[in-house]
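Enquirer: Quick one: this structure, given as structure tokens, is what I'll be asking you about.
The values are calculated or read from the model by the stated rules, or taken from the named source; none is laboratory data. What you are looking at is a predicted structure, and each value in this text was computed from that prediction instead of being measured. Ideal geometry is used to build each Cβ from the backbone, glycine not excepted, and the neighbour counts take in all protein chains shown.
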Amino acid sequence: MIKVNEVAYIAYPSTDMARSRAFYEGVLGLKPTYENKRENFAWVEYDIGATTLGIGQSADWKPSREGPTVALEADDFDEAIAGLRQHGLSFVMEPFETPVCNMALIRDPDGNQIMIHKRKPGRG
């Protein structure tokens, strides 16, 4: 049995790295921490807390609307939602509240799902 200690990174495919970077950096405000560009391959990483979000472009790796979802923990949920609306994003799942958190679901330019999330006090 493998002992898993943490999530090392989450990775999403991109069909247009410039467009993806404009979204992740310009709309979500993430700062790149690593970049790699070679022939037929591009990769950028964003360190977020103890986890890394990677965005890559390769002919063999295609986005899928049914792929995984990364949940980005926001400092201020309402402010994050307002900022997304200012950028004209539509929501796959409008903001809503559960007993333990607030969340909303959007998509990046390639259709990958991104959850904007905020734990309630005492929940981690």
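Enquirer: When you scan the range 9-19, do you find a residue that is in contact with a strand residue (DSSP E or B) (Cβ under 8 Å, 6 or more places away or on another chain) and within 21 Å of K118 (Cβ to Cβ), even just one?
Expert: Yes, some residue in the range 9-19 is in contact with a strand residue (DSSP E or B) (Cβ under 8 Å, 6 or more places away or on another chain) and within 21 Å of K118 (Cβ to Cβ).
Enquirer: Still on this structure, please answer the following. Tally up the residues in the range 18-36 that are surrounded by 13 or more Cβ atoms within 10 Å (Cβ to Cβ) and of a type in the set (D, E), please.
Expert: 1
Enquirer: For the range 86-96, check the following and say yes or no: at least one residue is more than 21 Å from G26 (Cα to Cα) and touching a Lys or Arg at 6+ places or on another chain (Cβ under 9 Å).
Expert: No.
Enquirer: Now a separate question. Based on this model, can you work out whether A50 counts as modelled with pLDDT under 95 and either acidic (D, E) or surrounded by 14 or more Cβ atoms within 10 Å (Cβ to Cβ) (or both)?
Expert: No, not satisfied.
Residue-by-condition table, conditions (1) in contact with an Asp or Glu (Cβ under 9 Å, 6 or more places away or on another chain); (2) crowded, with 17+ Cβ neighbours inside 10 Å; (3) at negative phi:
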site: Y9; (1), (2), (3): yes, no, yes
site: D16; (1), (2), (3): yes, no, yes
site: R38; (1), (2), (3): no, no, yes
site: T69; (1), (2), (3): no, no, yes
site: D76; (1), (2), (3): no, no, yes
site: G111; (1), (2), (3): no, no, no
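Enquirer: On to the next question. Can you run down the residue pairs with Cβ atoms below 7 Å, 6 or more apart or on separate chains, where the first is in the range 28-55 and free of Cβ contacts under 8 Å to residues at least 24 places away in the same chain and the partner is assigned to a loop (DSSP other than H, G, I, E, B) and of a type in the set (A, V, I, L, M)?
Expert: The qualifying pairs are N40/A59; Y46/L30.
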